[in-house]
Amino acid sequence: MKEKQRGNTRQRRRPDGKSDRPGGRPPARRAGERAGRPAKTNPWDSGPPAASPPERPQRKGERPAEKAPVILETPATDGYSLIDSGHGAKLEQYGPYRIIRPESQALWPRALQKETWQSADAIFTGDTDEDGMGRWRFPAAPLGETWPMRLMDIDFHGRFTSFRHVGVFPEQIAHWRWMRDTIAAAGRPMKVLNLFGYTGVASLIAAAAGAEVTHVDASKKAIGWARESQALAGLEDKPVRWICDDAMKFIAREERRGKGYDIILTDPPKFGRGPNGEVWQLFEHLPAMLDICRSILSDRPAALVLTAYSIRASFYSIHELMRETMRGAGGTVESGELILREQSAGRALSTSLFSRWVAS
């Protein structure tokens, strides 16, 4: 699940409190050869990523069509709602619990009376930065570390972490619904790669829809959390590969092996480290990462989806990068923002930027 720790100004954290990860066709038909480039060893294949990413050949051909700005909205749904927001905080309903967390973009006054806010079951206190540590206060009664959640017919565990996040990012429901419908309508087996997959809700939704899923995250604890949720959801018989690895190293190996995926979800943090100390810097490494993802799309791809948190940029930055990455592939690049809609006053709370290439 980006499910991973995030937001428009968010730095995601692993469940253990550390910065989050950087992150079938015949082997003879390597991705570089399919793109008209000579096959060669990828510099990401061995050792920690360098400070500067390896340079890759520039893509040729026409840029895809474009739709921008596109606003993808998550209204209240079973299992989650944004009840109210304002004065730098948000009041949310996660399953059975009402939770208050800091939200720097909630610049407006609160719409609901203070008595409603005072009824919260859990309040995050401490550093107001997205990557700042803090603690949870439980006004009425102490709560356990985890609790059962359900979104889009998938059961999983919510968890109170020391970095304010709870293991699911509901604004992603807009992407998940689109992905689920795309898999269901494909009429053929679909392979999904969930890169920087965090606690796995997106992976479980894809698996439940009938896809064969590969989930990659650098945090062993996040992988363990995802496996717990798979059991809770009753999806242990579904084809999900849980892989603890550096994201860049993993996709480089997949490119070398000629692997292909029909849908790729990628949800990188602004900064992170892999399991062996590999360094991830979004502004330095994102172009190379997207280009490798382009190379490991299947011969009949459906989409490449990027969500960007923790960055000071316009969505047009990643929009134009995606269009350059997908030169010659046809399709359309849709970019904009993911928003949550309040129940109280109907205001839109922007949570992140996104760009996705779709084949049709």
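Say whether the condition of being more than 20 Å from the chain's Cα centre (by Cα) and within 30 Å of VAL305 (Cβ to Cβ) is met by at least one residue in region 109-128. Checked region 109-128: at least one residue is more than 20 Å from the chain's Cα centre (by Cα) and within 30 Å of VAL305 (Cβ to Cβ). Checking each residue in region 227-240 for being surrounded by fewer than 16 Cβ atoms within 10 Å (Cβ to Cβ) and hydrophobic (A, V, I, L, M, F, W, C) picks out only ALA231.
Under the condition of being closer than 18 Å to THR146 by Cα and aliphatic (A, V, I, L, M), the residues counted in region 109-125 number 3.
Residues checked against (1) over 17 Å from PHE169 (Cβ atoms); (2) touching an Asp or Glu at 6+ places or on another chain (Cβ under 6 Å):
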residue	(1), (2)
LEU193	yes, no
PHE196	no, yes
GLY200	no, no
SER203	no, no
ALA208	yes, no
HIS215	no, no
GLY224	yes, no
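Within region 241-290, the set of residues being assigned to a strand (DSSP E or B), crowded, with 22+ Cβ neighbours inside 10 Å and of a type in the set (A, V, I, L, M) comprises ILE263, ILE264, LEU265. Among residues of region 303-350 being more than 17 Å from ASP267 (Cα to Cα) and touching a Gly at 6+ places or on another chain (Cβ under 7 Å), the one that is surrounded by the most Cβ atoms within 10 Å (Cβ to Cβ) is ARG327.
Identification of strands (runs of 3 or more DSSP E) wholly contained in region 20-123 with 3 or more residues that are of a type in the set (Gly, Ala, Ser) and at pLDDT 90 or above yields 80-86. Within region 57-81, residues that are within 11 Å of ARG323 (Cα to Cα) have Cβ atoms under 6 Å from residues that are modelled with pLDDT under 95 in no pair, counting only partners at least 6 apart in sequence or on another chain.
The values are calculated or read from the model by the stated rules, or taken from the named source; none is laboratory data. All values derive from a computational prediction rather than experimental measurement. Note: ideal-geometry Cβ built from the backbone for every residue, glycine included; neighbour counts use all protein chains shown.
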